[in-house]
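One structure is given here, and the rest of the page talks about it.
Rule-based calculations on the coordinates, nothing more; no lab input. The structure presented is a predicted model; accordingly, all values stated were derived computationally and were not measured. Every residue, glycine as well, gets a Cβ built from its backbone with ideal geometry; the counts of neighbours run over all protein chains shown.
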Amino acid sequence: MSILKKILLVLVTLIILSGIIWVGLSIYVNFFRQPEGALPDMPDSSKAAYIVLIKNTGNLLLTDEYKKQGDIYILQGYWELVEGKWRFRKTELKLNEGIFGKIEIERRE
């Protein structure tokens, strides 16, 4: 076998191995890893019927029940995003628009 054929065989082998590694990494990243900054799956809408967005901070909360008293929203138990996971807090949370700025609450579908 000539030296040229050996070099060509090594290059073809490297290209095939690189392609197999690339396909394997693509499958791993796209199907098994969640991209950084992506929002994890929200709790079911039967447990958290409302999305609460605090405009000034960009915080997103979920709740099933709330009351409004003047400029204050009172969430009766809420979900918050902590370290990339939705965590339920059983306590009452009072959000004052005078302190936090504009607060939007929308019903989830």
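For residue 52, neighbours were defined as the other residues whose beta-carbon sits under 13 Å from its Cβ, and their charges (Lys and Arg +1, Asp and Glu -1) total +2.
Give me the angle, in degrees from 0 to 90, between the Cα long axis of helix 3-31 and the longest principal axis of the Cα atoms of the chain, rounded to the nearest 10. Helix 3-31 sits at roughly 10 degrees to that axis. Counting neighbouring Cβ atoms within 10 Å and putting the fewest first, the residues 81, 4 line up as 4, 81. Take every Cα pair under 8 Å whose residues are at least 6 apart in sequence, average their separation, divide by the length of region 50-107, and the relative contact order is 38 percent.
Summarising the label geometry, the points placed 7 Å from Cα in the beta-carbon direction at residue 104 and residue 81 lie 1.5 nm from one another. The order of 18, 45, going from fewest to most other C-beta atoms within 10 Å of their C-beta, is 18, 45.
So for the chain, if I pair up every lysine 8 or more residues apart or on another chain, how many of those pairs have alpha-carbons under 14 Å apart? Display every interim value, and only then the final one.
Values: 47/90; 55/102; 67/94; 68/94; 68/102; 94/102.
So the count of such lysine pairs works out to 6.
Dipole orientation for the chain: of the candidates 103, 20, 72, 20 has the Cα lying most toward the positive pole (charges on Cβ; Lys, Arg +1; Asp, Glu -1).
Within the set (1) 52, 32, 26; (2) 87, 27, 22; (3) 75, 36, 31, the number that Cα extents along the principal axes in Å takes when calculated for this structure is listed as (2). Of all the options 70, 19, 58, the one that moves most in a Gaussian network model of the chain with Cα springs shorter than 10 angstrom is 19. Backbone phi angles across region 85-96, fed through the Karplus curve with coefficients 6.51, -1.76 and 1.60 (θ = phi - 60°), yield HN-Hα couplings of 9, 7, 10, 8, 10, 7, 6, 7, 10, 9, 10, 9 Hz in residue order; Gly and Pro are listed as x.
In the chain, helical runs assigned H by DSSP with n ≥ 4 each contribute -39500 (n - 2.57); averaged across all residues and rounded to the nearest 500, the mean residue ellipticity at 222 nm is -10000 deg cm²/dmol.
Express in nm, to one decimal, how much length is gained between residue 20 and residue 71 on full extension, taking 0.36 nm for each residue of separation and deducting their alpha carbon distance.
Numbers: separation 51, 0.36 × 51 = 18.36 nm, distance 5.87 nm.
Result: 12.5 nm gained on full extension.
Taking the convex hull of the alpha carbon positions in region 50-107 and averaging its projected area over all directions gives 3.8 nm².
In the chain the longest region clear of trypsin sites (Lys or Arg not before Pro) that are loop-assigned by DSSP and have at most 16 other C-beta atoms within 10 Å covers 56-101.
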